[in-house]
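Encoded as structure tokens, the structure appears first; notes follow it.
The values are calculated or read from the model by the stated rules, or taken from the named source; none is laboratory data. Remember, predicted model here, so these are calculated numbers, not experimental data. Note that we place each Cβ from the backbone using ideal geometry, even for glycine, and neighbour counts take in every protein chain shown.
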Amino acid sequence: MVAVPEVLNQSAAASPVRDAARIDVRHVSHRFALRGAALPVLQDVSFTVEPGEFVALLGPSGCGKSTLLRLVAGLDAPTQGSVHANGAAITGPDPSRVVVFQDPTLYPWRTVRGNVAIGPQAQRRRFARRDAAQEDHARQRIDAALELVGLSEFAEAFPHQLSGGMAQRVALARALVNDPALLVLDEPFGKLDSLTRIRMQGELARLWQDARFSVLLVTHDVEEALLLANRVIVFSERPARVVAEVRNDAPYPRHRDDPKLVALRREVLAQLGLDT
Ligand SMILES: Nc1ncnc2c1ncn2[C@@H]1O[C@H](COP(=O)(O)OP(=O)(O)OP(=O)(O)O)[C@@H](O)[C@H]1O
Ligand SMILES: [Mg+2]
């Protein structure tokens, strides 16, 4: 296993040190218009992500999880209710909230390294600095992120030369170099083979423990949610309502066969309406 590189726990060059974000979702309902009819997708959803907390959202396919993430990311505004970050209403995307989407879109004309470098490059442009020490720091962070996701050898490859799982790992590396205050992950390991998935889950848990940003993770996988999160929020079928919040105090590193996790798994499956 690759150890979490120290450089990834240091703030990105030219940016202030970010504290983990607090997110408040308050009485959020959301509707889409589908062929003239209203499609209710979220129904009175409320929860909080405490600074530094790892929260997993679990629910049936199509219930509204990705929609909720888009609201937290500031890509859409809720039909009703509010979403706040550190007490301020979210009105649009912000570089401190980094999203890894379910289907990662990489720039096809950029190499793997070029795709991971997008955030640091934008940041240098914003601060209009071309300081050699900062350039060097940014390069080290990019190298470290690539190493973490096991893609150092593919740094110069182009997206069409990667598998689906590799593309997903590039998207994760691209998020991690940006020193997030909140990392928003939509099924980030969905396309990975089970061995890589297990490895990446361990890496994410260690990275989060070291860096302590807040995480909001959407997953279908009960075991993954329990392995990673401090709290699992279980949603109903669409329109998504919160049906349960399950706190998980098991210490890290966690083991999937820990009897406490096995017991919580039964509890969560029961909340999802699945008999075990
Ligand atoms: N832009 C849109 N316009 C209309 N309907 C939409 C739009 N985006 C999503 N929906 C609908 O909202 C519902 C919830 O979609 P969403 O992607 O949030 O589900 P999800 O819980 O993430 O599902 P999955 O687990 O399969 O990814 C679906 O019925 C979908 O058809
Ligand atoms: Mg989704």
Do we have Leu68 as assigned to a helix (DSSP H, G or I), closer than 14 Å to Ile233 by Cβ and within 10 Å of ligand 1 (Cβ to nearest atom) here? yes
Only one of (1) within 14 Å of ligand 2 (Cβ to nearest atom); (2) buried (at least 20 other Cβ atoms within 10 Å of the Cβ); (3) outside any loop (DSSP other than H, G, I, E, B) is not met by Cys63, so which one is it? (3)
Which is among the β-branched types (Val, Ile, Thr) and either at pLDDT 95 or above or closer than 20 Å to Arg238 by Cβ (or both), of Ile118, Ile90? Ile90
Cβ contacts < 9 Å: first residue closer than 16 Å to Ala85 by Cα and of a type in the set (A, V, I, L, M, F, W, C), restricted to the range 206-219; second residue within 16 Å of ligand 2 (Cβ to nearest atom) and assigned to a helix (DSSP H, G or I), any location; separation 6+ or different chain. Result? Leu216/Leu68; Leu216/Leu69; Leu216/Val72
Which residues, counting only those in the range 242-267, are within 16 Å of ligand 1 (Cβ to nearest atom) and either buried (at least 17 other Cβ atoms within 10 Å of the Cβ) or under 17 Å from Phe54 (Cβ atoms) (or both)? Val242
Going by the conditions given, is Ala12 at pLDDT below 95 and either in contact with a Gly (Cβ under 6 Å, 6 or more places away or on another chain) or within 26 Å of Glu223 (Cβ to Cβ) (or both)? no
